[in-house]
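Q: Before we start, here is the structure in question, set down as structure tokens.
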């Protein structure tokens, strides 16, 4: 398959225009978002919907989140990521496969229905996880495009996937919220790969694999700036697979938690990795569990299990 | 000398009320700040004065900052802190002793004059530095009270000192600005010191010396919350020696720079450290260079050298 988005191939960053649409459906009055929201997502590569889930639904999700976190033994071993020192739970992967309530959440028309519309295709879940970013010692996540990794390491062919993060705690400017560069989804920043022996001329700094270089990031920042959506628990953040994003560390006492789902178009299923040997494990990039999500209408069946 | 603020002495945090005034002068119409500013500093333990220095003055300070940064050889060896990898300048200490312009800045009535009023005494400079917090890889600074360190390691007897940070770049919510807990200056959080052998019961986590524990921080946060003053270059942030503060990492491409001066009352000069052996070096806590700062009226002599 021809590689439209080469990355980790050379000693110089390779910046290209996006070769794929951002939204794969036309807007109409029946669309699951307003015309203004539609345009904003198209332009910025993300959309923040404050308070989309109400208090009673949120409580169900919080209870389920707590249950999962405290029943480690019931979880598939490798899907549980804990802190090296304390043993505290950081993430639980394959969330929708290990919790009926979280499966119901992913299938909700507000998530899967919207994903299906934006991607113009049936969708399946490429990855899902429950994140707990602790207070005091919450680590930063450096700038990256998810697609760069999914393409290079998982073999996702095209930009026809998106992430949805449902906030289970409030996002404040000071508790390490996601920062996104609006418009960056229209540019693909191929990164510098494993350092070849003659690379010493181009960089004195260690460049981690998949990490964009300072110059490309500076250009993105100058062209697009950055935005930090903040809002109450129950808000939904949707962002395109190629939107550049990251988060600073969180030293505030406020923890940050979210339920995270990556939807991919069924026409965009994984092939062989474009810049890696063996693909990553199933729980970070699905190859076997790729059932089409059946969208459930919000009012047809309540969120509760 | 009786130790009013014991810290690093035991295995449990020791939280006490402040034993000293916050402001040592009464407010009058001649005061160098408004009554509202006076009350706000008293209540919160900090005050942010946006745009206090104008464009022409700021340009002089930026030029001088650049000159100092690029003339490393002219600086006292130990006052220059560089990045381990790149050799980039992180901080230049003893700033007022190595730059006539920065000495003039510290002596300005907007700094030294205000410090003298707030501390109700003549003042000298306990420490000064020029900070460069780089973009992309700006490290976090964990929560701390400066006084805790100055008392324990430098032998500062009482809470009669304050810091002034003149912003040389814009402070944005996303480039790792200082976060402060308003009101925290009225409570002293003695920290847990070197871990004795029987400490295993009180904590499983490594507690760095001088770092407040999670429980005390959570209580401060619940009682006081936190604020993040942001504003343009040329703004001045003044904060009490005991105000709890810290900053998250800065992954944004925007660097952050400031000129930083700690003023201490001449009646509060250093004695032997309260919880350490040898005092820290002169450039972090002055013992020899303790001349009273002669305040220069803003219009008597322009900022330029």
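Q: Among the residues that make up the range A:46-55, is at least one of them loosely packed, with under 14 Cβ neighbours inside 10 Å and closer than 30 Å to residue A:100 by Cα? Step through it out loud before you land on a result.
A: First, the residues of the range A:46-55 that are loosely packed, with under 14 Cβ neighbours inside 10 Å: A:54-55.
Adding the requirement that they be closer than 30 Å to residue A:100 by Cα leaves A:54-55.
Yes, the range A:46-55 has at least one match.
Q: Scan the range A:46-97 residue by residue and report those that are part of a helix (DSSP H, G or I) and touching a strand residue (DSSP E or B) at 6+ places or on another chain (Cβ under 7 Å). Write out each step before concluding.
A: Residues of the range A:46-97 that are part of a helix (DSSP H, G or I), as a first pass: A:55-69, A:72-74, A:77-79, A:95-97.
The answer is A:61, A:65, A:68, A:69, A:72, A:79, A:95, A:96.
Q: Hey, can you tell me all the residues within the range B:133-160 that are outside any loop (DSSP other than H, G, I, E, B) and in contact with a helix residue (DSSP H, G or I) (Cβ under 7 Å, 6 or more places away or on another chain)? Give the derivation first.
A: Restricting attention to the range B:133-160, the residues satisfying the condition of being outside any loop (DSSP other than H, G, I, E, B) are B:133, B:138, B:141-144, B:146-154.
Answer for the range B:133-160, where residues must be outside any loop (DSSP other than H, G, I, E, B) and in contact with a helix residue (DSSP H, G or I) (Cβ under 7 Å, 6 or more places away or on another chain): just B:143.
Q: Which of the residues belonging to the range A:276-294 are over 20 Å from the mean Cα position of the chain (by Cα) and surrounded by 13 or more Cβ atoms within 10 Å (Cβ to Cβ)?
A: Once the filter is applied, which keeps residues that are over 20 Å from the mean Cα position of the chain (by Cα) and surrounded by 13 or more Cβ atoms within 10 Å (Cβ to Cβ), the range A:276-294 yields only A:276.
Q: State all residues of the range B:237-257 that are over 9 Å from the mean Cα position of the chain (by Cα), crowded, with 23+ Cβ neighbours inside 10 Å and away from chain A (no Cβ under 14 Å); if no residue qualifies, say none.
A: Those that are over 9 Å from the mean Cα position of the chain (by Cα), crowded, with 23+ Cβ neighbours inside 10 Å and away from chain A (no Cβ under 14 Å): B:237, B:242, B:243.
Q: If you scan the range B:9-38, which residues turn out to be touching a helix residue (DSSP H, G or I) at 6+ places or on another chain (Cβ under 8 Å) and either in a strand (DSSP E or B) or at pLDDT 95 or above (or both)? Please lay out each step first, then the result.
A: At the first step, the residues of the range B:9-38 found to be touching a helix residue (DSSP H, G or I) at 6+ places or on another chain (Cβ under 8 Å) are B:11, B:13, B:15, B:17-18, B:22-25, B:27, B:31-33.
B:15, B:17, B:18, B:22, B:23, B:24, B:25, B:27, B:31, B:32, B:33, listed by residue number.
Q: Next question, about the same structure. Can you tell me which residue is nearest to residue A:141 (Cα to Cα) among those in the range A:209-218 that are in contact (Cβ under 8 Å) with a residue 40 or more places away in the chain and within 14 Å of chain B (Cβ to nearest Cβ)? Step through it out loud before you land on a result.
A: Pass one, the range A:209-218, residues in contact (Cβ under 8 Å) with a residue 40 or more places away in the chain: A:209-213, A:215-217.
Right, trim to within 14 Å of chain B (Cβ to nearest Cβ) and you get A:211-213, A:215-217.
Working: A:211: 11, A:212: 13, A:213: 15, A:215: 19, A:216: 18, A:217: 15 Å.
Looking at residues that are in contact (Cβ under 8 Å) with a residue 40 or more places away in the chain and within 14 Å of chain B (Cβ to nearest Cβ), I get A:211.
Q: Taking residue A:260, is it more than 10 Å from chain B (Cβ to nearest Cβ) and at pLDDT 95 or above?
A: Yes; evaluated as a whole, the condition is true for this residue.
Q: Restricting to the range A:113-132, give me the number of residues that are more than 13 Å from residue A:285 (Cβ to Cβ) and not in a loop (DSSP other than H, G, I, E, B).
A: Looking only at the range A:113-132, we keep the residues that are more than 13 Å from residue A:285 (Cβ to Cβ), and these are A:113-123, A:130-132.
Still in the running and not in a loop (DSSP other than H, G, I, E, B): A:113-119, A:123, A:130-132.
The total comes to 11.
Q: Of all residues in the range A:157-172, how many are farther than 18 Å from residue A:184 by Cβ and in contact with a strand residue (DSSP E or B) (Cβ under 7 Å, 6 or more places away or on another chain)? Steps first, please.
A: Restricting attention to the range A:157-172, the residues satisfying the condition of being farther than 18 Å from residue A:184 by Cβ are A:157, A:164, A:166-172.
From the residues that got through so far, the ones that are in contact with a strand residue (DSSP E or B) (Cβ under 7 Å, 6 or more places away or on another chain) too are A:164, A:166-169, A:171.
The qualifying residues number 6.
Q: So, residue A:229, is that one touching a strand residue (DSSP E or B) at 6+ places or on another chain (Cβ under 9 Å), assigned to a loop (DSSP other than H, G, I, E, B), in contact (Cβ under 8 Å) with a residue 24 or more places away in the chain and surrounded by fewer than 23 Cβ atoms within 10 Å (Cβ to Cβ) or not?
A: Details: touching a strand residue (DSSP E or B) at 6+ places or on another chain (Cβ under 9 Å): yes; assigned to a loop (DSSP other than H, G, I, E, B): yes; in contact (Cβ under 8 Å) with a residue 24 or more places away in the chain: yes; surrounded by fewer than 23 Cβ atoms within 10 Å (Cβ to Cβ): yes.
Spelling it out, residue A:229 is indeed touching a strand residue (DSSP E or B) at 6+ places or on another chain (Cβ under 9 Å), assigned to a loop (DSSP other than H, G, I, E, B), in contact (Cβ under 8 Å) with a residue 24 or more places away in the chain and surrounded by fewer than 23 Cβ atoms within 10 Å (Cβ to Cβ).
Q: What number of residues within the range B:123-150 are in contact with a strand residue (DSSP E or B) (Cβ under 9 Å, 6 or more places away or on another chain) and more than 14 Å from chain A (Cβ to nearest Cβ)?
A: Total meeting the criteria: 15.
Q: Let me ask something else. If a residue has to be modelled with pLDDT under 60 and either under 16 Å from residue B:227 (Cα atoms) or part of a helix (DSSP H, G or I) (or both) to count, how many in the range B:161-208 make the cut? Let's see the steps before the verdict.
A: If we filter the range B:161-208 for residues that are modelled with pLDDT under 60, which is where we start, we get B:195-207.
In the following step, the residues that additionally are either under 16 Å from residue B:227 (Cα atoms) or part of a helix (DSSP H, G or I) (or both) were identified as B:197-201.
Looking only at that region, the number is 5.
The values are calculated or read from the model by the stated rules, or taken from the named source; none is laboratory data. Remember, it's a predicted structure, so these values are computed and weren't measured experimentally. Cβ atoms come from the backbone with ideal geometry, glycine included; neighbour counts cover every protein chain shown.
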